[in-house]
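Since every read-out is calculated from the coordinates, none of them should be taken as a lab result. Here the structure is a predicted model, which means the values were calculated and not measured. Here Cβ is always computed from backbone atoms with ideal geometry, including for glycine, and neighbour counts include all displayed protein chains.
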Amino acid sequence: MGFLSFFGSSPLAIALTAILVLVIAAVIFAGVNAILSFSGGPSPCTPGGGPITVNATNAGGFQQKWDGFDAVLDGGSPSSASFDESEVTSRADQYISDETDVDCGGSCLGCDVGANCNVAQDCLSQFCGTEGCTAVDFCANGLQDGNETDIDCGGGTCALCNPGRDCGAASDCGSAVCDTAGTDKCIAGNCSDSVVNGSETDVDCGGSCSGCGEADACLADTDCRSDVCQGNAC
């Protein structure tokens, strides 16, 4: 006995059957929504999470495809459109959270070698270089790499360079003096180089240099010409 023959073939029976089908469909739809709501959907650290975000590079291609998709919808026909990674970034969470690369870094799991990073904690290896996560600490590998100005020093990421080592700016040197007009090497600090270095407490004074003047920084009375240091000032 068929489903329709069970209710009969009268108009009333057909109408009741249609209503029953609609009720069943509504129950299924509600159940699916309830499951999705309970699961919360993909988390920010899960691939596929987040809305579609268009970037400046792919905006033209995205808009062209979207216009075609929109035109089909306006015509009353169902349609769908797919966007690949080269056209649109579907990982909006990468840009609105603290992730440093897709689904890793920040508050997510550490990233693999080669992925973007900001600090060592963004990497599974715990080493973050200028070109992303690295397998080893590039500041201690015996090579001049990354943004180093000499082997394992300088560049703003590694340790400051000692006198005689190559530099590109004063900030690369422990002495805060780089001979950028000549040798491009760090120079040992002295009492007339116009920067605070060595044991100086202020520019070219204090410590092993001559005493500092009034209001200059100091650590002890001997740092001052007046032999009086109060509140770290002469």
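Would you pull out the residues with amide H under 5 Å of ALA233's amide H, same chain only if 5 or more places away, H placed 1.01 Å from N?
When sequence neighbours closer than 5 places are left aside, the close amide H contacts are CYS218.
For VAL23 and LEU219 in one chain, what is 0.36 nm times their gap in residues minus the Cα-Cα distance, to one decimal in nm? Write down the numbers at each step before the final one.
Values: separation 196, 0.36 × 196 = 70.56 nm, distance 8.38 nm.
Once the chain is fully extended between VAL23 and LEU219, it gains 62.2 nm.
Going by C-beta contacts inside 10 Å, put ASP67, ASP216 in order with the fewest on the left. Intermediate results must be reported in sequence, preceding the final value.
Details: ASP67 9, ASP216 20.
Least to most surrounded, the residues fall as ASP67, ASP216.
What is the magnitude of the charge dipole of the stretch 102-180 about its Cα centre, with +1 placed on the Cβ of each Lys and Arg, -1 on the Cβ of each Asp and Glu, and no other charges, expressed in debye to the nearest 20?
On the way: 1 positive and 12 negative charges, 31 e Å.
In total the dipole reaches around 140 debye.
Please give the FRET efficiency for SER194 paired with ILE151, using the beta carbon to beta carbon distance and R0 = 35 Å, rounded to the nearest 0.05. All intermediate terms of the calculation are to be shown ahead of the outcome.
Details: r = 28 Å, r/R0 = 0.81.
Computed FRET efficiency for SER194 and ILE151 comes out at 0.80.
One quarter of the convex hull surface, Cα atoms only: what value does that give for the stretch 174-234 in nm²? Each step should come with its number before you reach the end.
Details: hull surface 15.9 nm².
Projected over every direction and averaged, the Cα hull of the stretch 174-234 covers 4.0 nm².
Note down the nm distance, to one decimal, between modelled labels 7 Å out along Cα→Cβ at SER208 and at ASN162.
Label at SER208, label at ASN162, 1.5 nm between them.
Could you give the nm distance between label points at GLN230 and SER125, where each point is 7 Å from its Cα heading toward the beta carbon?
Modelled inter-label distance: 5.6 nm.
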